[in-house]
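The values are calculated or read from the model by the stated rules, or taken from the named source; none is laboratory data. Nothing here was measured: the structure is a model prediction, and the numbers come from that model. Neighbour counts are summed over all protein chains in view; Cβ atoms, including those assigned to glycine, are modelled from backbone coordinates with ideal geometry.
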Amino acid sequence: MYDLIIIGAGAGGLTCAYTANGLGKKVLLVDKGLPGGTCTWSGCMPSKALINIGKDVHAAKKYSSVEIDTAKVMKDVRDAIEEVYSHESPEILAKDGITFKKGEQIKIIDPKIVLVDEVEYHGKNIVISTGTSPFIPPLEGLDKIDYLTNQNLFQLEKLPKSMIILGGGAIGVEMAQCLNRLGTTVHIMERSSRIFIRESEELVNILSETLIKEGVNIHVNTNAVSVTQDDEIISLNVETGGEPRTIEAEALLVSIGRVPNVENLGLDELGLKYNKKGIQVDDYLRTNIHNIYGVGDVAGPYQFSHTANYQGILAVKNMFLPLKKKVDYSNISWCTFTSPELASRGLPDPEGKETKIYSYGRSDSDRTMTKKGDIFEMRVETNHKKEILEVKILAERAGEMISSLQIAAANHLTLDKLSPVIFPHPSYSEILGKLGKKAYVDKLLENPFINIFAK
């Protein structure tokens, strides 16, 4: 009898396994594939490896002609995958005391029994962490062509000369920029009025201009109608503003959303509640069956590896420790790793009462000005106490800068508390010191007692 059986060995599942193992619990981790999940094999890690190579090539092209061996590029990407996997392989898991089983058919046949390829495993608790898969749209002709998703993109032997990308979200835009930098002619097809429809319109417009200047073709307000393939050429028929057009390329990448992996798990027979968004969990990450929990992309509400890690730790704590804790997403942040990076955290004040937005640009960041053409835009919204509400950053290292603000917000530090911190010069994070000093001065001037003596 295991203390915990985890279905799905991605970010959330691995975190659950190591957290429970650290508490001295007997853990079984099962998956249809190898440990690592989407993040290791077809998401975060390979995409960032490809982005890094694209950055190197883009920088070199400014000062010399560069011949790109895309077969070598893709080999380096796969080498990065293997390096990450080497730290989470079944052998490593076993060494750490975690049992891993790979099975083609995995099904929960009882609240305490998981069937893996006809072998029953018994556990006191179960975590469902099966992740998501690419949403494949009902596009006429799509089932008759060789299209790509994030699941097979990084297994290409070499990059195509041209590519159509369906979807202007994080995966699509990140890949569009780095592939364009590596010599692929790219067309992004987005049905909305702009890419990144949920992000700051102001900052997205700046990012879009950057992408277009680099050579990425962005088609907004565009609906895909049908697709055909003739030998090595894919033809996508689209409509933009009612006008029909045809875009041709060697490859088509489908990147328009994700669907939860809930099929063939036996959920209906169990009576476990789920919907089109995934497993339904409460504030403690429990499903409607008290000893079965859901974490990661399959449980939502965010589809980030770092959210899965957070949920994995919390679910195991709630499972085995006496003090139960509710999920709290108020301090979540996310980052799209384009150049410049686009990072966000928090939510604006819904009423907008007594809030202040601190805005900074390129001329405020000495480090940014050392690199010709670099963009720096930061927006930080605070309430009257200078508590951090919403942050939007478009800049190099935006993901790192927003992390510092995350630490402050999560520990209930007001923005002015950054004022005495001495940041290295010239660093991108130095702007946080300027931000803190400005908030400190504003807080002083807003103090009625100080104003009496200032007169």
| Condition test on Lys75, is it surrounded by fewer than 18 Cβ atoms within 10 Å (Cβ to Cβ), in contact (Cβ under 8 Å) with a residue 40 or more places away in the chain and not hydrophobic (A, V, I, L, M, F, W, C)? | no
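Rundown of residues vs (1) under 28 Å from Ser193 (Cα atoms); (2) modelled with pLDDT of 95 or more; (3) outside the structural domain of Ala9 (by the TED database); (4) over 23 Å from the mean Cα position of the chain (by Cα), yes/no style:
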residue	(1), (2), (3), (4)
Arg245	yes, yes, yes, yes
Leu285	no, yes, no, no
Asp297	yes, yes, no, no
Pro301	yes, yes, no, no
Thr307	no, yes, no, no
Leu314	no, yes, no, no
Lys325	no, yes, yes, yes
Thr338	yes, yes, yes, no
Glu341	yes, yes, yes, no
| said: Criterion first (in a strand (DSSP E or B) and either of a type in the set (A, V, I, L, M) or more than 30 Å from Val380 (Cα to Cα) (or both)) does Glu263 satisfy it? | reply: no
| said: Which of the numbered conditions does Gly296 fail, given that it passes all the others? Conditions: (1) on the phi > 0 side of the Ramachandran plot; (2) not in a loop (DSSP other than H, G, I, E, B); (3) not hydrophobic (A, V, I, L, M, F, W, C). | reply: (2)
| task | Report whether or not Leu50 is closer than 29 Å to Lys25 by Cα and surrounded by 18 or more Cβ atoms within 10 Å (Cβ to Cβ). | result | no
| field | Filtered residues of region 261-278 (kept if touching a residue at least 60 places away in the same chain (Cβ under 8 Å) and farther than 19 Å from Ile136 by Cα) | value | Leu265, Gly266, Leu267, Glu269, Leu270, Leu272
| query | Across region 128-165, what is the number of residues that are part of a loop (DSSP other than H, G, I, E, B) and more than 19 Å from Lys55 (Cβ to Cβ)? | reply | 19
